[in-house]
Amino acid sequence: MPSHQSLTDPRRRGAVLRVVVLALLLVVSAVASLNVALPEIARDTGASQSELQWIVDAYALVFAALLVPAGAIGDRFGRRTVLAVGIGLYGAASFMALFASSAGQLIGLRALMGVGAACIMPVTLSVITTVFPPEERGRAVGTWVGVAAGGAIIGLLASGVMLEFFSWQSIFALNVVLAAAALIGTLVVVPATRDSHPPRLDPVGALLSFAGLTALVFGIIEGSERGWTDTLTAGSLAGGVLGLVAFVMWELGRSEPMLDPRNFLRRGFGAGSASLTIQFFALFGFLFLALPYLQLVQGFSPLEASAALLPMALVVMPLSRKSPAIAARAGVRVTGAIGLSLIAAGFLILATLEPGSSYWQFLAGLLPLGAGVALAGAPATTAIVASLPKEKQGVASAVNDVSRELGGALGIAVLGSLQNTQYRSDLGDSTSGLPAPVAEKAESSLAAAQQIGQDMGAGGHEFMLHAQTAFMNGFGRALIAGAAALLLGAVFVAFRAPGRAESTENAGLDLGHPAPAIGGALH
């Protein structure tokens, strides 16, 4: 363990910040980085659309479900230990993924990476808030927030560059290298700290929440292929709802709940959590749909597809720094509602895209989407953390993270399933004359349909155009549904979130000082 003197050395604290930010980047970038490789993975492994959804969602779902218990384990058994174990597990799963040859193997390994990620993310913020003194903590946490917000786009760009020269396995090779660097840095630089009064562990609550969320997402993803009245689909959806109800009842009956459901009755906590969930539902659902559109319909390379999304990041990052001040003036309810409405407007513009649409039409929807994410994101986070007392900031920070990851997992599941259902329905007429195994393969994904079209000879071009049109019909349907959810969320935030009179407290501002999350998160 580092000496007390080492913790007071600014250079040592700077080294700690660089290490934990690198570990955080590993986690955040992996949520979206594989999206850009999905068309190539589908071609190489024969993965269906639902399997592609699981390759992405297995990581996000396990990550979200284990965040709260993993943070509590770090507080109890030591943050450096849990961080090192998480990075090691993440790196080992990434190494094994280099040799994966089937969709099933990738799904399992991505779930294992999600376990590692859940150990990493909450602990990185805990380390910052325990190592940095109050006068430096705001800047350090600001760096953490910036990486958490921009990590997905960074991951997409890095993946695009790798895919320009190497196969899709190269994404996992990059993960191995970065994980090795983060693990060495953790063991050498990060101090060994733990909570002097750690929260009680709640294995039953963790199991109920994980089982409920997994069953719910499984039912949503498989419903598009098996049918929504299928016994397994309906049973999974019902089991998911029952599991989550059981989780709420269990937590209400505990004297020290892992997550007290009553907190969601607080204005800032409930509205902020709902807003973040809907934002990331929209954002990651959009990324899951947009990258195949850019690559398979527009014909962009992986790097070009990643670069095509860069304007959104160029809007999000600078505007995110100003949105807390805007929320302090106008109130979280106004800023949050406008932000969600802007995302919905971007979705409605993007829903009009067709196979022959230009990039400029895509950009016209991308810019309001980015502006909306920036305006709604930071005020929602500060509303969550400002609604709980200082000693509960660990819970607030964990719920902030869970809202993001759970929203992303549900967005991929719901919007991906809506798109897939429409695609399979619209392509049915074009595949009616094909042999059953070929027709089933074509209906499984656009990448497979294009491969089949290329082998058809005469009529192949027309078949591929029909497949692209079916894909875009599903794309539009999914985004319209996403826009409806965003507008409902905007109405909820407008009525429920803290208003201007409450904004000093609920936007986390106290005469210019940082929010409680910055001053006391995860102690």
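The values are calculated or read from the model by the stated rules, or taken from the named source; none is laboratory data. Predicted model only: the values in this text are computed from it and were never measured. Here the Cβ positions follow ideal geometry from the backbone for every residue, glycine too, while neighbour counts run over all protein chains shown. The accessibility values were calculated without ligands, DNA or RNA, using every heavy atom of the protein model including side chains. Shrake-Rupley method; radii C 1.70, N 1.55, O 1.52, S 1.80 Å.
Computed values, structure above
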{"item": "So V21, is it under 20 Å from A179 (Cα atoms) and open to solvent by 10 Å² or more (accessible area, probe 1.4 Å)", "result": "yes"}
{"item": "Top-ranked residue in segment 57-94 [being basic (K, R) and surrounded by fewer than 24 Cβ atoms within 10 Å (Cβ to Cβ); ranked as nearest to L38 (Cα to Cα)]", "result": "R80"}
{"item": "Residues of segment 263-288 classified as of a type in the set (A, V, I, L, M), surrounded by fewer than 24 Cβ atoms within 10 Å (Cβ to Cβ) and closer than 20 Å to I338 by Cα, total", "result": "1"}
{"item": "Filtered residue count, segment 162-195, keeping only those that are aromatic (F, W, Y), open to solvent by 30 Å² or more (accessible area, probe 1.4 Å) and not in a helix (DSSP H, G or I)", "result": "1"}
{"item": "Inter-residue pairs, beta-carbon under 8 Å, first touching a residue at least 60 places away in the same chain (Cβ under 8 Å) and closer than 30 Å to S301 by Cβ and in segment 423-451, second in a loop (DSSP other than H, G, I, E, B) and of a type in the set (D, E, K, R), 6+ apart", "result": "none"}
{"item": "Subset of segment 303-328 [open to solvent by 50 Å² or more (accessible area, probe 1.4 Å) and within 22 Å of V491 (Cβ to Cβ)]", "result": "I326"}
{"item": "Candidates A37, A30 - the one that is closer than 27 Å to A206 by Cα, part of a helix (DSSP H, G or I), modelled with pLDDT under 90 and hydrophobic (A, V, I, L, M, F, W, C)", "result": "A30"}
{"item": "Candidate set: segment 218-235, residues that are among the polar types (S, T, N, Q) and under 22 Å from R477 (Cα atoms); chosen: the one surrounded by the fewest Cβ atoms within 10 Å (Cβ to Cβ)", "result": "T229"}
{"item": "Matching entry among G372, G407 (being in contact with a Leu (Cβ under 6 Å, 6 or more places away or on another chain), at pLDDT 80 or above and crowded, with 24+ Cβ neighbours inside 10 Å)", "result": "G372"}
{"item": "Meets criteria (farther than 17 Å from L67 by Cβ, crowded, with 18+ Cβ neighbours inside 10 Å, among the hydrophobic types (A, V, I, L, M, F, W, C) and modelled with pLDDT of 85 or more) for A215", "result": "yes"}
{"item": "Residues located in segment 310-367, provided they are outside any helix (DSSP H, G or I) and under 23 Å from the mean Cα position of the chain (by Cα)", "result": "A351"}
{"item": "Tally of residues being crowded, with 24+ Cβ neighbours inside 10 Å and not hydrophobic (A, V, I, L, M, F, W, C) across segment 32-49", "result": "3"}
{"item": "Unique residue being aliphatic (A, V, I, L, M), open to solvent by less than 10 Å² (accessible area, probe 1.4 Å) and within 17 Å of the chain's Cα centre (by Cα) when the list is A97, A118, A111", "result": "A118"}
{"item": "Flag if A148 is open to solvent by 10 Å² or more (accessible area, probe 1.4 Å), within 29 Å of R11 (Cα to Cα) and at pLDDT 90 or above", "result": "no"}
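So that you can scan it fast, the table gives a plain yes or no per residue for (1) within 19 Å of R18 (Cα to Cα); (2) in contact with a Ser or Thr (Cβ under 6 Å, 6 or more places away or on another chain); (3) assigned to a helix (DSSP H, G or I); (4) of a type outside the set (G, A, S):
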| position | (1), (2), (3), (4) |
| --- | --- |
| M96 | no, no, yes, yes |
| A100 | no, no, no, no |
| M113 | no, no, yes, yes |
| V123 | yes, no, yes, yes |
| T129 | yes, no, yes, yes |
